[in-house]
Amino acid sequence: MLRTMLFIDLTTRRTTRKELDEKQVNAFLGGRGLGISLLYSNLKKGIDPQDESNPLIFTTGPLQGYNFPFSSKTMLTTKSYQTGLCAYSVASTKMGHFLRRSGIDVLFITGKSSNWVYLSIINGEVEFRDAVSLKGYPAGKTQQKMINEVGIRGAEAVVIGPAGENQVGIAAVVTGGDKLRTFARCGVGAVMGGKKLKGLVVYGDGNVSLVNRHNYKEAYNFVRKVLKEKNDWVTKMRLFGSSADMLTLNYLGLLPTRNWKYGTFADVENISPHSSLLSKWKVAPCSLYCPAPCGHISKVEDGKFKGAKCEGPEYETLYALGSNLCISDPEFIVAANQLCDELGLDTMSTGAVIGFAMECYEKGIINNEVSKIELIFGKTERLLELIEDIAYKRNLGEILSGGVKAAAYHFGKESEAFAVHSKGLEFGGYECRGSFGQALQYALSNRGGCHHDIGAPCRNEIANNTRFDIQGKGKLLLVAAGSRIIYDCSILCSFVRSTLGYEVICKAVSAVTGAEISISELQLIAARVLNLERIFNVREGITRTDDHLPNRLVSEAMPDGPTKGRTVPLNDLLNDFYITAGWDPKNGVPTDQTLVRLGIKDFIDKFN
């Protein structure tokens, strides 16, 4: 059972410990659910994301600390710098395990330091360390230097790069040592930078109590049995990682290309995991706790990008910095990925905002005097320089640093029609004129245009051949959301959710907490989380009118390819979801009856 929350005030440099509310933990489990419940109950309505009271909340789940398969995850929750809405971000890192082995289940950081600082949290003991000399350091070097200074071999560091220091709207938080894993999306790095917190070093080697060893072993062996039975899936992940289906997505017209104007990319094979460079990558597990690693290390051996190396690139990066920009050079993508990681930038948002800028340049909205470089689809010249400019807010980079929505507001004219975002967050890589469920997810996602939030329903649609159905999309989304959220609360790797299902979570959580939990209870928790995230956003002013998509997707028919002529019938899709979810179709707000059914109305009323 999760019990202890450690509060750290950067302003006063005081730390306090508090027992978590057992009812709150039972209602939201951990990870993403516990994060949003703590954000909602501790942050007042309308607070600016850069206010000292906006917390950085690192949450573990019931399965951290036990070496359970696929459990090398930690969740970061805050109010988004980029969107002003609820933000959560999950990363592969040992941080959650070390926190729980230190007797800490939740780390709750507020305030703002007078000077740059980093935190050393070793077996629960907190030390404030000077980080002035680390200002400007890239993420990889910062992690290593902080760990060396603390002197604990094997400790985990969580840091920001120059983008976070400069409060760039699309800044990420970086961890994972030389793998440079990220808490990306929503500008979480900018929130950390606003607090003058360069990072944290975390380590713990204590024991976490285990209530029922026999049942835990049963759950552990259940995972091994399933993976043995589904060896084809394991092999596929080891060989191709998250980009395993890239060629299929392109074939179906679902690969965003040329700032989402098209859904297919002629040179997709050059940037797929089958390419001459990316097929040579080496498997790199995100931790010791992953029996089916999908991570890889790619390295450029010669040419103008010689020496460039990155973890991945993941599918979302291959789309954002590849097909989205009409770039077919995998060596450039590796170099750009590495640069984004070191600077502390979200690769998805970076690629999306550059693609938007390229179309503005193409249409004459941006001229050479503003851009300083030729922003031409397919050309890589000086794009690395532009990425640096975004991180340092220089030249055109300053305009692009807030993401697509902010850039479109700056340029105005007709640019908003092809500014691909929802609620201020750029999309993941699934072209949704060819997948109506995916379109609905982007419009509804609680953290903005996100492919993770409600479970990437396009994959279900592909399997069931229902991509262009309208009826039933609400149910599809709720099922997909439940699956994703259950794994985000547990907290386990979401890639494995369709392979393992829910039974293993019931077995494992019951073993470590001593309290039996059923699949129906897990599904109820997931529904609570989805609705509380929505209520948080409603409290910040979100209504049905904000559940929108860019004109490119709802008014501009796909010009060619397998989905030629398609647009997204968004209003009909929204109505189907609202009715199915128990939200008022007029305003998109969960009804009181829904909140009562989920057992969270009193909780919400208490903090409104």
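Just to verify a result, which residue in the range 336-388, among those that are closer than 20 Å to Leu180 by Cβ and among the charged types (D, E, K, R), is surrounded by the fewest Cβ atoms within 10 Å (Cβ to Cβ)?
This residue is Glu388.
Taking only pairs six or more apart or across chains, which ones have beta-carbon atoms under 8 Å, a first residue in the range 378-393 that is on the phi > 0 side of the Ramachandran plot, and a second residue that is part of a helix (DSSP H, G or I)?
Matching pairs, first to second residue: Gly378/Leu325.
Quick one: which helices (runs of 4 or more DSSP H) sit completely within the range 501-596 and have at least 1 residues that are at pLDDT 95 or above and closer than 30 Å to Pro256 by Cβ?
Passing ranges, in order: 519-539, 551-554, 570-581.
Which condition number does Asn67 fail, the rest of (1) in a loop (DSSP other than H, G, I, E, B); (2) without any contact (Cβ under 8 Å) to a residue 60 or more places away in the chain being met?
(2)
Only residues that are on the phi < 0 side of the Ramachandran plot, free of Cβ contacts under 8 Å to residues at least 40 places away in the same chain and not hydroxyl-bearing (Ser, Thr, Tyr): list them for the range 565-598, please. Can you show your working first?
Pass one, the range 565-598, residues on the phi < 0 side of the Ramachandran plot: 566-581, 583-587, 589-598.
Add one more test, that the residue is free of Cβ contacts under 8 Å to residues at least 40 places away in the same chain, and what stays is 571, 575, 584, 591-593, 596-597.
Within the range 565-598, Asn571, Asn575, Asp584, Asp592, Gln593, Val596, Arg597 meet the criteria.
Go through (1) surrounded by fewer than 24 Cβ atoms within 10 Å (Cβ to Cβ); (2) of a type in the set (D, E, K, R); (3) part of a helix (DSSP H, G or I) for Asp469 and report which single condition fails.
Single failed check for Asp469: (3).
Residues to consider are Gly241, Gly189; find the one that is of a type outside the set (D, E, K, R), touching a strand residue (DSSP E or B) at 6+ places or on another chain (Cβ under 7 Å) and at positive phi.
Just a single option satisfies the conditions, and that option is Gly241.
Those residues that are buried (at least 17 other Cβ atoms within 10 Å of the Cβ) and part of a helix (DSSP H, G or I), I need them from the range 239-252; list them, please.
Passing the criteria: Phe240, Gly241, Ser242, Ser243, Met246, Leu249, Asn250.
If only one of Val168, Val208, Val234 is at pLDDT below 95, part of a loop (DSSP other than H, G, I, E, B) and at negative phi, which one is it?
Sole residue among the options that is at pLDDT below 95, part of a loop (DSSP other than H, G, I, E, B) and at negative phi: Val208.
Report whether or not Val211 is hydrophobic (A, V, I, L, M, F, W, C), farther than 23 Å from Asp341 by Cα and not assigned by TED's automatic domain parsing to the domain that holds Ser349.
In short, yes.
Considering the range 21-56 alone, what residues qualify as being assigned to a helix (DSSP H, G or I) and surrounded by 24 or more Cβ atoms within 10 Å (Cβ to Cβ)?
Of everything in the range 21-56, those that are assigned to a helix (DSSP H, G or I) and surrounded by 24 or more Cβ atoms within 10 Å (Cβ to Cβ) turn out to be Phe28, Gly31, Arg32, Gly33, Leu34, Gly35, Ile36, Ser37.
The values are calculated or read from the model by the stated rules, or taken from the named source; none is laboratory data. The structure displayed is predicted, hence computed values, not measured ones. When we count neighbours, we look across all protein chains shown, and the Cβ atoms used for this are built from the backbone with ideal geometry, even at glycine.
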